[in-house]
1. In percent, what relative contact order does the range 5-116 have, based on Cα pairs under 8 Å that are 6 or more apart in sequence?
2. For a quick check: with amide H placed at 1.01 Å from N, whose amide H comes under 5 Å from Ser74's, ignoring anything fewer than 5 positions away on the same chain?
3. Specify which residue in the list Ala8, Ser63, Ser111 is farthest towards the positive end of the charge dipole of the chain, using unit charges on the beta carbon of Lys, Arg (+1) and Asp, Glu (-1), about the Cα centre.
4. Net charge around Phe114, counting only other residues with Cβ within less than 14 Å of its Cβ (Lys, Arg = +1; Asp, Glu = -1)?
5. Given 10 Å bins starting at zero, what is the percent of C-alpha pairs of the chain in each, up to the one with the largest pair distance?
6. Across the range 82-87, in residue order, what do the Karplus-derived ³J(HN,Hα) couplings come to in whole Hz, using 6.51 cos²θ - 1.76 cosθ + 1.60 with θ = phi - 60° and x for Gly and Pro?
7. Measuring from label point to label point, each 7 Å out along Cα→Cβ, what is the Ala72 to Gln12 span in nm?
8. Taking the Cα centre as origin and putting +1 on Lys and Arg beta-carbons and -1 on Asp and Glu beta-carbons, what dipole magnitude results for the range 13-88, to the nearest 20 debye?
Amino acid sequence: MAGQVTIAVAQQYGPNDTIEASVANGLPGDIRVADHQSGCTILTVERLAGSSWQAQNPCLLRSPTRLTALAAGSVTPVAVQPPPGGWSPGVYRATLVYREAAGDVETSVTSATFRVG
């Protein structure tokens, strides 16, 4: 969508499914994202627990976090593998934190909610 960053996901996944999403950068410039999020991707997959969102499947690699540029107008596919034992049933969302320029303020965007189970 022009003028904003969006995340598209399916409405339903199974416990052992890979969560496949598309990140669209509709902004006029590149954005920068960090890769050490859920499943060592650029997205944080969060599960609703009571009234709060909890990050799932943290990246356990002992490597430096890398910043990746997503070009203006680009659509980037992201595949988050399930954690060992699979995703717990429930309501989820995907969140992306980005910066429009080096040193700029972080902005976050979330997908629509989806279900696992």
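1. Relative CO of the range 5-116 lands at 37 percent.
2. Answer set, sorted by chain and number: Asn25.
3. Farthest towards the positive pole: Ser63.
4. Combined, the nearby Lys, Arg, Asp and Glu give 0.
5. Bins of 10 Å from zero give 14, 47, 31, 8, 0 percent of pairs.
6. Karplus values, whole Hz, x for Gly and Pro: x, x, x, x, x, 6.
7. If labels sit at Ala72 and Gln12, their model points lie 4.1 nm apart.
8. I would put it at about 200 debye.
A short reminder: the numbers here are calculations on the coordinates, not readings from a lab. The shown structure was predicted, so the numbers you read here are calculated from the model rather than taken from an experiment. Cβ sites come from the backbone with ideal geometry, for glycine too, and all protein chains shown count toward neighbours.
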